[in-house]
1. So how many residues does region 592-603 have that are assigned to a strand (DSSP E or B) and either among the charged types (D, E, K, R) or loosely packed, with under 13 Cβ neighbours inside 10 Å (or both)?
2. Considering only residues that are assigned to a strand (DSSP E or B) and under 25 Å from the mean Cα position of the chain (by Cα), look in region 440-455 and name the one that is surrounded by the most Cβ atoms within 10 Å (Cβ to Cβ).
3. Which number in (1) touching a strand residue (DSSP E or B) at 6+ places or on another chain (Cβ under 8 Å); (2) open to solvent by 40 Å² or more (accessible area, probe 1.4 Å); (3) over 30 Å from Val399 (Cα atoms); (4) in contact (Cβ under 8 Å) with a residue 60 or more places away in the chain marks the one condition that Ala320 misses?
4. Restricting to region 261-279, name every residue that is small (Gly, Ala, Ser) and open to solvent by 70 Å² or more (accessible area, probe 1.4 Å).
5. If the Cβ limit is 7 Å and pairs must be 6+ apart or interchain, which residue in region 363-382 that is assigned to a helix (DSSP H, G or I) pairs with which residue that is open to solvent by less than 80 Å² (accessible area, probe 1.4 Å) and basic (Lys, Arg)?
6. Out of all the residues in region 338-390, which are over 18 Å from Leu154 (Cβ atoms), modelled with pLDDT of 90 or more and among the acidic types (Asp, Glu)?
7. Can you list the helices (runs of 4 or more DSSP H) found entirely within region 20-120 that contain at least 1 residues being charged (D, E, K, R) and at pLDDT 80 or above?
8. Exactly one condition in (1) under 18 Å from Asn115 (Cβ atoms); (2) at pLDDT below 95; (3) not in a loop (DSSP other than H, G, I, E, B) is not met by Ala506; state its number.
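The values are calculated or read from the model by the stated rules, or taken from the named source; none is laboratory data. Everything numeric in this text was worked out from a predicted model, so none of it was measured. Every residue, glycine as well, gets a Cβ built from its backbone with ideal geometry; the counts of neighbours run over all protein chains shown. Keep in mind that these areas ignore ligands, DNA and RNA; they rest on the heavy atoms of the full protein, side chains included. Shrake-Rupley method; radii C 1.70, N 1.55, O 1.52, S 1.80 Å.
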Amino acid sequence: MPLKPSRRLLISLVVASAFSHAAHAQEAVPREKIGLVLSGGGARGLAHIGIIRSLEEQHIPIDFIAGTSAGALIGGMYASGMGIDEIEEKIKKLDLGAIAFAPEDRRELKQDVRNLNYQANSIIDVSVKKDGSITLPIAVSNGAKVDEVLRTLLQTRPYDVDFEKLPIPFNAVAADLATGKMVVLQKGQLARALRASMSIPAIFAPVEMNGQILVDGMIDRNLPVDVARKMGATRIIAVDVGSDLLTKDKLNNVLSVTEQLGGLLVKRNVDEQIATLTANDVYIRPDLGDLANLDFKEGAKAAALGYKAMQNPALQSQLAHLAVSPERYSAMMRQHAAPDNAAKTIDFIRIQTHGLARPETLRAEIKMQEGQPFDLKTVNQDVASLLSAGRISQVSYSVQAVGDRNELVYDVTERDEARDALHAGIEVASNSLSDQQFSLHLAHRRVWLNSLGGEWRNHLTFGQNTRIKSELNQPLNPQGTLFIRPSIELSYTKSPFYLPNSNHQAGKYTKTELNYGFTLGQPIGRIGEWGVGLNYRTAQLKANNDNPLMTIQADKDQQLSATANLTVDQIDDTFTPSSGYFGKIYSSVGLSKNDGKRYMGAGFQGLYATHYNAHSMSASLELGGQSNSHSVYFSPYYLGGYNRLAGYASNQFIGNYLAYGNLAYRYRTDVSILNNPLVLGAMIEAGNTWLRADDVRFGDFKYATSLFGALKTPIGPAQLGVGFTQHGKANFYLILGRTLSDFK
């Protein structure tokens, strides 16, 4: 017989009560604490994103996270309160490999530092201590761009924090370079800790923290299982994304052997940690195929492969008993959220150096103001400005409590322990088999001469053209808004000369020249500078009567001139410019008359470049002239050769007046060597020189075209190509060294 409504209600209440008691009994059972251990592995570590996404879908709560290198990056972001969708969205937009090895953006440098680009390429950059010992660079990259990216990724955690008080308690693992032992980072600035954990030795500059020099934790603990246990984890989910060792047939060169040695070191410490796992723990090693450690462009692929690995039925069954109810998981995840931190007001700002750079000089680079709220974007700009101040390797910041007030501290690490820096480089210019020039460049810089940041520079060139120059770059106030630049230069050049309307060399002439003077000027922000000054020049031309068809008479010239110049320099690259602009206007007026005439000279040099994806275009223009009452061979205006009318002989045309322009197209290919892409391009050129102003005729222009390939190499930028004159004459050329050497 059917139950009465009252009886049905009573039974329903009893059943509901029973289920409720059962559920509460289940929740009352102490849940084991789960520790997620994420290994390092470079780009392969982005598979951790897919792993975590799958754990969320299975409602498996994470109580602790311990990570090394890439595992620290993903684990730290997740532990800070970021959702996995947000992490994947941010990471997939980044090519961390390109960022890590990105060259210094020269447009952010001061103009007096950019000027060094036009002197020579540098192969060797060392420093000399007071005792005469040499110090080499500590790493290939200073990691400044990686620092900036990490600070931006973790902008919700800009201050020092206890990592174990994050939404998910977290530890990052690095290693002490002095001992090779693991260092567990548990507090401080989260971005800085991740940077330390990711610092591959010799590739990225190490991070100094708490008196220790820290590098990538992979060298001692790439899978930090024991760290998670010490944090309180009773069950471990260990994710190993490390690369497999190379097989015997691939160990056939120095690079593969070096890679294998590193792999053996990592495998040993990983195996030791795997051996500590019990039957209650879960070990996950996703199949990532041949995905390379530095192939960060494949971040989305790595995340997908990590997720795919988690769909294995056996693995899901193993993980199932770690899951909690959907309701309980949702309640736990509500606590996993990024904080809504109010920005701290900055009451004081201090610059801390290691004794070489002057804090009072660097203070001019700071845009953050006392009394303003902390702003990460402005701080990032300040860090970039400090790094571009010259001979600075690392800059970090911290916000420290001073009583009930806040002090923003910029910690500046000078590039080396010495004030003296030495550079060396070579250049090769070959316009044909019979026209080859080799040059050796040696440079010396003595930095931080005084409290205003004075710098003494010396440059010596050996080759067909020999030059020695010494210059003092001295700011006149702490803000660096006014400078004086005295200099002296002695040069000896041996140059070819040609018969009129002929590309056959008739002989060579020699010129000795001495210039000394000074420039008083001001920087124009970070885009350029202007200056006025005085220059005394004395020059001597040696006679050449070897060729009866054309003789050169001996001559002397001396002149005291007032000079003025304006430079705007925002080219992204002086080798293969793809973006930005350059402009220089210069003039010189003699203070005395020679043969009743006053010397006058003026000119303009300019370049504009733009790009779209891998394609770029640039256009340049050069105009110049002088009222020269002496031999034309005193003139600085030449055309002929690479980037000066390719196809013609080097310096084939000389005159007191010059007009020249070119239009270039460049394509950045996918082929790269040491992260430097091969660039293919073509150029068309037009120009000429004239003896007198009355001779200038645009109808006299000579034309040339060229095809070339360009690549940055460890010994300098190189270009190989072929140039054609308007008459069809061709010259192959090889250039190792500067591309825009005439912009100086």
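1. First pass over region 592-603, keeping only residues assigned to a strand (DSSP E or B): 592-594, 597-603.
Filter again for either among the charged types (D, E, K, R) or loosely packed, with under 13 Cβ neighbours inside 10 Å (or both), leaving 592-593, 597-598.
Summing the residues that are assigned to a strand (DSSP E or B) and either among the charged types (D, E, K, R) or loosely packed, with under 13 Cβ neighbours inside 10 Å (or both) in region 592-603 gives 4.
2. The first filter runs over region 440-455 and keeps only residues assigned to a strand (DSSP E or B), leaving 440-446, 455.
Among the residues that remain, those that are also under 25 Å from the mean Cα position of the chain (by Cα) are: 441-446, 455.
Working: His441: 23, Leu442: 16, Ala443: 21, His444: 15, Arg445: 20, Arg446: 16, Glu455: 21.
Filtering first and then ranking leaves His441.
3. Condition not satisfied by Ala320: (1).
4. First, the residues of region 261-279 that are small (Gly, Ala, Ser): 262-263, 275, 279.
The answer is Ala275, Ala279.
5. The qualifying pairs are Leu376/Arg151; Asn380/Arg151.
6. Listed by number, the residues that qualify are Asp347, Glu370.
7. On the way: elements: 47-57, 70-79, 84-92, 96-100, 111-114.
Fully inside region 20-120 and qualifying: 47-57, 84-92, 111-114.
8. The number of the failed condition is (1).
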